[in-house]
Amino acid sequence: ADAQVALGTVLFLSDWNWHGARRSLERALELNPDHVDALLLYGRLLEALGYLDEGLAAKQKALEHNPSSPGVVLQIALSYWNQRRYDEMIAWVQRSLALDPGHLLAREYLAAAPNTVLVQKEVARLEVPVQHSFLMGEVDGSRDRLHQLGGPPRWQRLALHQQSQLAHPAAARR
């Protein structure tokens, strides 16, 4: 099982071969259904693939086998973060800190939590107008609204650039 977990780790985190990683981690869990590292990594992979509830369930199963690990508890906190369930995330980070008061990553997440909640509320307020402007081809409106959000993610910047070139072909040739 350890070899399959090692292979799954490389495929997931280095090669970005998520389907190969999934096969490898599922094989590891067939060999040892209680393998904590396999369960945690499988949970992270499922979340990356968009299966948030299933990812959380895998991490909770890892917790059953290692309830005193602050790292396992923190992984569950991150699942709640991914689901935007911030109150639960904060409770799990605090639980991780109760197990290890010096856990630096847990402290960082706890410090970031209030800002994250405020930012997410603002993003939710502005997100629909941004998507609408973007989809309707209103490049300038999209840019203005994305600027309010602190700038677009990379894929949106590229899409806006391509959309701008289509809207203003003469400017694209300069």
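Laid out as a table, the results:
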item: Formal net charge of residues neighbouring residue 97 (Cβ-Cβ distance under 12 Å; K, R +1; D, E -1); result: 0
item: Rounded to the nearest 20 debye, dipole of region 42-90 from Cβ charges on Lys, Arg, Asp, Glu; result: 100 debye
item: log₁₀ of I(q)/I(0) at q = 0.17, 0.24, 0.29, 0.32 Å⁻¹ - region 48-102, Debye sum with one point per alpha carbon; result: -0.48, -0.89, -1.15, -1.25
item: Rounded percent of accessible protein surface that carbon and sulfur make up, region 1-125, 1.4 Å probe; result: 53 percent
item: Note, ³J(HN,Hα) from phi for region 6-19, Karplus 6.51, -1.76, 1.60, rounded to Hz, x at Gly and Pro; result: 4, 5, x, 5, 5, 5, 6, 8, 9, 8, 6, 8, 6, 6
item: Signed unit charges on C-beta, dipole axis of region 1-94, positive-most listed residue 74, 41, 13; result: 13
item: Region 1-111, accessible area per residue, ligands and nucleic acids excluded (1.4 Å, Å²); result: 53 Å²
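The values are calculated or read from the model by the stated rules, or taken from the named source; none is laboratory data. Being a predicted model, the structure only gives us computed values, none of them experimental. Reconstructed Cβ throughout: ideal geometry from the backbone, glycine too, with neighbour counts over all protein chains shown. With ligands, DNA and RNA removed, areas are computed over all heavy atoms of the protein, side chains included. Shrake-Rupley method; radii C 1.70, N 1.55, O 1.52, S 1.80 Å.
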